[in-house]
Amino acid sequence: AGTEAFKDYAHRIVDNASALAGYLAGEGMDVLTGGTDNHLMLIDVTAFGLTGRQAESAMRDGGITLNRNTLPFDANGPWYTSGLRIGTPALTTLGMGVGEMKEISGIFKTVLDVTEPTIVKSSGKPSQARYKIEKAPLQTAQGKVKDLLDRYPVYPQLDLDLLQRSFAA
């Protein structure tokens, strides 16, 4: 942790987080505390009509893994939540920078804009867990995530074609 390489890496993590928070806010999302000074940020997804649980699952459907998180005075409580917690260490480790943070914010906007709660038949009220998502924009988001991971592979030293040929049934 005392090396210059690690210090540079830590600075890039924070730079990426700051950029991502700014881009998310620029997409109209409510980034708590107005941004971040570290590697994490919280966004409030209630403006999308979603719970954090729905937004977390929808983002996973789009190819992005993150966590739902409670917000201060969260009306949805600790299980359904109203927010998402986003971090940049893994993105930075892959080699992504500020430009990719802009792409990622666009993916967030695409997915969250086309996700809505399903209606609970018994009550006629919106579900806090189930949701529906428009197929075409979801596929667009998945394609953008795939493009990012093709450019910044998780394990660049692995020959995926060889593995698929060797282990595909």
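The values are calculated or read from the model by the stated rules, or taken from the named source; none is laboratory data. Computed from a predicted model, the values in this text were never measured in an experiment. Positions of Cβ are generated from backbone atoms using ideal geometry, with glycine treated the same way; all protein chains shown enter the neighbour counts. To get the accessible areas, we keep the full protein, side chains included, count just its heavy atoms, and leave off ligands, DNA and RNA. Shrake-Rupley method; radii C 1.70, N 1.55, O 1.52, S 1.80 Å.
What to note about this one:
- For the pair residue 151 and residue 65 in one chain, pulling the backbone fully straight at 0.36 nm per residue adds 29.2 nm over the alpha carbon distance.
- Extent along principal axes [Cα atoms of the stretch 61-153; Å; largest to smallest]: 47, 33, 17
- Note on residue 121: lysines with a C-alpha under 18 Å away, same-chain residues under 8 apart excluded, are 132.
- Partner aspartates and glutamates whose Cα lies under 17 Å from the Cα of residue 125, excluding those fewer than 8 positions away in the same chain, are identified as 116.
- R0 of 45 Å, Cβ-Cβ distance residue 5-residue 161: FRET efficiency to nearest 0.05: 0.90
- For the stretch 98-120 versus the stretch 1-47, the gap between their alpha-carbon centres in whole angstrom: 17
- Atom-type composition of the exposed protein surface of the chain places 55 percent of the accessible area on carbon and sulfur (1.4 angstrom probe).
- Protein heavy-atom accessible surface, 1.4 Å probe, per residue over the stretch 1-90: 50 Å².
- Computed across the chain, the Kirkwood radius stands at 17.2 Å (inverse of mean 1/r, all Cα pairs).
- Packing, taken as the mean count of other beta carbons within 10 Å per residue, orders the peptides 13-25, 108-120, 137-149, 50-62 from highest to lowest as 50-62, 13-25, 108-120, 137-149.
- For the set 109/146; 7/144; 102/146; 7/102, the pairs lying more than 22 angstrom apart at their alpha carbons are 7/144; 7/102.
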